[in-house]
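Encoded as C-alpha cells, the structure appears first; notes follow it.
The values are calculated or read from the model by the stated rules, or taken from the named source; none is laboratory data. Note that this is a predicted model, so its numbers are computed, not measured. We place every Cβ from the backbone using ideal geometry, glycine too, and count neighbours over all the protein chains shown. Ligands, DNA and RNA are excluded from the accessible area calculation, which covers all protein heavy atoms including side chains. Shrake-Rupley method; radii C 1.70, N 1.55, O 1.52, S 1.80 Å.
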Amino acid sequence: MQPLHKLLFAILAVSFVTFVALFGRLPALRKTPIGWLQRALCLHAPIRLRRIDSKITGGRVTLKSQRLGQYLFYESNPVVVILFLILVTGSAGLFLWNAYALLSTSLLLPLVLLLPAPYIFTYLCVTHTSHFLPLPAYPHQPEHYPYDHILFRPNTTCRTCDILKPARSKHCSLCHRCVDKCDHHCPWVNNCLGRGNYRWFLALLLSLPILEFYGAYLAWTIIRPYISVLPENPFFSWAHFTDLGDAFVRAINVGGLSIAGVGLLAITTAPLPLALLAYHCYLIWAGMTTNESQKWADWRDDMADGLVFVGSKAVLRQHFAKRGGQRELAQMLGLDGETGSIDWPIESDMVCVRTNDGQPPRGQEGMWRRVWRLEEVENLYDLGGWGNLVEVMMGR
Ligand SMILES: [Zn+2]
Ligand SMILES: [Zn+2]
C-alpha cells in the first residue's frame with residue numbers, strides 16, 4: 001500500500017470508529033449494525049479487556065487508563081494545546097522546508113503575517129487570567145453587567161469560591177474558579193473563555209483557516225502545472241471522477257506528502273474553525289455567551305411547557321415592601337434590595353419565574369403573565385448585533 005492510501009485508510013477508519021461511538025447509542029440506530037458495533041466497542045470490549053487485565057496485571061492497566069481518562073476529560077490539561085501546536089508547526093515546517101525554493105518571494109511574503117497569527121492568539125487565550133473572579137480575600141468583585149433577573153439574579157453564591165456571583169459569571173469546575181462573562185471552558189486553549197480573552201479566541205478561529213486556505217493555495221500553485229482533467233467527460237460521470245482521482249495521485253506524486261498532503265490537510269480541516277466561528281458570530285448577533293445560550297434553551301423548553309411567568313420589578317418590589325412576609329420569594333427573585341447601579345445602555349423592568357405546577361406564584365396571580373415563547377422576553381445583554389460585536393472586540 002502506498003503511504004497516501006495508508007493515510008486515507010487510517011483517516012476513514014478513525015472517522016468510522018468515532019461515528020459508531022458517538023451515534024450508535026441513538027435510539028434510531030440501536031437495532032442496526034451500527035448499534036451492535038457501538039455496544040461491542042464501548043460495552044463488551046472494555047469488559048473483556050478489564051477481565052484479561054485483572055488476570056494478567058491485577059487490574060493495573062485498567063486503573064491507569066481510568067486515571068488517564070479522568071485527566072484528559074475532567075481535569076485542566078494542556079494535551080490538546082500541545083497536539084495543536086505540534087500539528088501546525090509540523091505541517092508548516094514540513095511544507096516550507098520543501099516548498100520554499102519553489103515559491104516566489106511575493107507568494108511567501110504574506111506568510112510573515114499569516115503564520116505567527118495563530119500562535120499569538122493561542123498564547124493570548126492560554127495565558128489570560130484576568131477573567132477569573134477574585135476570591136473572598138479581595139473585598140470588591142468587579143461588576144460589569146447588571147442582573148437581568150432571568151438568567152442571573154443577585155445574591156447567588158458560588159459555594160466553591162465562596163463569593164457572590166456577578167451577573168454573566170459561571171463557576172468552571174476545570175479551572176476551579178468563577179469566570180467573568182464566562183463563555184465556555186475550551187480544551188483547545190486549556191482555559192476558560194470569558195471577559196478579555198473571548199476576542200482572542202475569535203481571532204484564532206479566523207486566523208487559522210486564513211493560514212490554512214493560503215497554505216492550500218500555495219500547494220496548489222506548485223502542483224497545478226502537473227494536473228489536467230480532460231474536459232470532454234461530463235462532470236457527473238465515472239470517467240470524470242476517475243480523471244480527478246488520477247490527477248490527484250499525480251499531484252501527490254509531484255508534491256509528495258509534504259506539499260500535496262499538507263495542502264490537502266489544510267483545506268479539509270479549515271471548515272472546522274470556520275464553522276465554530278460562524279456559530280460564535282451567531283451568538284454575538286443574538287447577544288449571548290455559549291453559557292447563556294444553554295440557559296436560554298432551558299427557559300425556552302419551560303416556556304413551551306407553560307411553566308414561565310413574567311412580572312414587573314417595580315410592581316413586585318412595591319408588593320414585597322407592603323407585605324414583608326414573602327421575604328423568601330423576594331430573595332429568590334433578587335428583589336429584596338438594590339444591587340448597586342451599573343452603567344449599562346439598556347434597562348429592563350422584567351423579571352421571570354418558573355414554577356413547578358404551571359401556576360403563577362400564590363397570592364400574586366394578578367402580577368404575573370404567562371409567556372410561551374422566548375421572543376416575548378427581553379435579553380438585557382443584547383445591545384444589537386453591531387453593539388454586541390463592539391463589546392466583544394473591546395474585550396468586554
Ligand atoms: Zn466559583
Ligand atoms: Zn475553565
If one takes the longest principal axis of the Cα atoms in the chain, at what angle in degrees, from 0 to 90 and to the nearest 10, does the Cα axis of helix 116-127 lie? 40 degrees
Considering amide H positions built from the backbone, and no H for Pro or chain starts, which residues 5 or more places from residue 192, or on another chain, come under 5 Å of its amide H? 186
Diffusion coefficient, µm² s⁻¹, Stokes-Einstein with Kirkwood Rh over alpha-carbon pairs of the stretch 287-382 at 37 °C and 0.692 mPa s: 227 µm²/s
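How long is the gain from residue 237 to residue 354 if the chain were fully straight, where each residue apart is worth 0.36 nm and the alpha carbon distance is subtracted? The partial results should precede the final answer.
Numbers: separation 117, 0.36 × 117 = 42.12 nm, distance 5.85 nm.
Contour length minus the Cα-Cα distance gives 36.3 nm.
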Going by Cα centres, the stretch 35-51 and the stretch 293-309 are how many Å apart? 38 Å
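Given 0.36 nm per residue, what is the gain on full extension from residue 25 to residue 98 after removing their alpha carbon distance, in nm?
Full extension from residue 25 to residue 98 adds 21.8 nm.
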Could you work out how far apart the two model spin labels at residue 304 and residue 68 are, taking each label as a point 7 Å from the Cα in the direction of the beta carbon, and quote it in nm? 4.1 nm
Which order do 170, 181, 6 take by accessible area at a 1.4 Å probe, largest first? 6, 170, 181
Counting only protein heavy atoms with a 1.4 Å probe and every protein chain in place, the carbon and sulfur fraction of the accessible surface of the chain in whole percent equals 65 percent
Determine one quarter of the surface area of the Cα convex hull of the stretch 123-174, which equals its mean projected area, and express it in nm² to one decimal. 4.4 nm²
Sorted by chain and number, the residues with a modelled amide H under 5 Å from that of residue 381, at a separation of 5 or more or across chains, are none
May I ask for the distance between the Cα centers of the stretch 192-235 and the stretch 328-396, given as a whole number of Å? 42 Å
Separation of the residue 144 and residue 60 label points, Cα + 7 Å toward Cβ, nm: 5.0 nm
Taking the 0 to 90 degree range and rounding to the nearest ten, how far is the long axis of helix 271-286 tilted relative to the main principal axis of the chain, both from C-alpha atoms? 20 degrees
Taking Cα atoms only, Rg over Rh for the stretch 1-147 with Rh from the Kirkwood formula is 1.11
I need the phi-derived Karplus couplings for the stretch 188-201: 6.51 cos²θ - 1.76 cosθ + 1.60, θ = phi - 60°, integer Hz, Gly and Pro marked x. 4, 10, 6, 7, 7, 9, x, 4, x, 10, 4, 5, 6, 5
So how much accessible area does residue 376 have, in Å² to the nearest 10, using a 1.4 Å probe? 60 Å²
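If you take the alpha carbon radius of gyration of the stretch 1-75 and divide it by 2.2 N^0.38 Å, what ratio comes out, to two decimals? Please list the in-between numbers first.
Values: Rg = 15.8 Å, N = 75, 2.2 N^0.38 = 11.3 Å.
For the stretch 1-75, the normalised Cα radius of gyration comes out at 1.39.
Just subtract the alpha-carbon distance of residue 106 and residue 45 from 0.36 nm times their residue separation and send over the number in nm, one decimal. If you can, show how the numbers build up before the last one.
Details: separation 61, 0.36 × 61 = 21.96 nm, distance 5.50 nm.
Here the answer is 16.5 nm.
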What spacing in nm lies between the two simple spin-label points modelled at residue 12 and residue 162, each 7 Å away from Cα in the Cβ direction? 6.0 nm
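Semi-axes of the equivalent ellipsoid of the stretch 59-123: what are they in whole Å, largest first, if each equals the square root of 5 times a C-alpha gyration tensor eigenvalue? Please list the in-between numbers first.
Values: eigenvalues 295, 42, 4 Å².
So the three semi-axes of the stretch 59-123 are 38, 14, 4 Å.
Taking K and R as +1 and D and E as -1, what net charge do the other residues with C-beta under 12 Å from the C-beta of residue 199 add up to? Walk me through the numbers on the way to the answer.
Numbers: positive: 181, 195, 396; negative: 183, 391.
Here the count lands on +1.
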Would you compute, for the Cα atoms of the chain, the largest minus smallest coordinate along each principal axis and list the three values in descending order, in whole Å? 84, 61, 51
Expressed in square angstrom to the nearest 10, the accessible area of residue 332 with a 1.4 Å probe stands at 100 Å²
In degrees from 0 to 90, rounded to the nearest 10, what is the angle of the helix 238-256 Cα long axis to the longest principal axis of the chain? 80 degrees
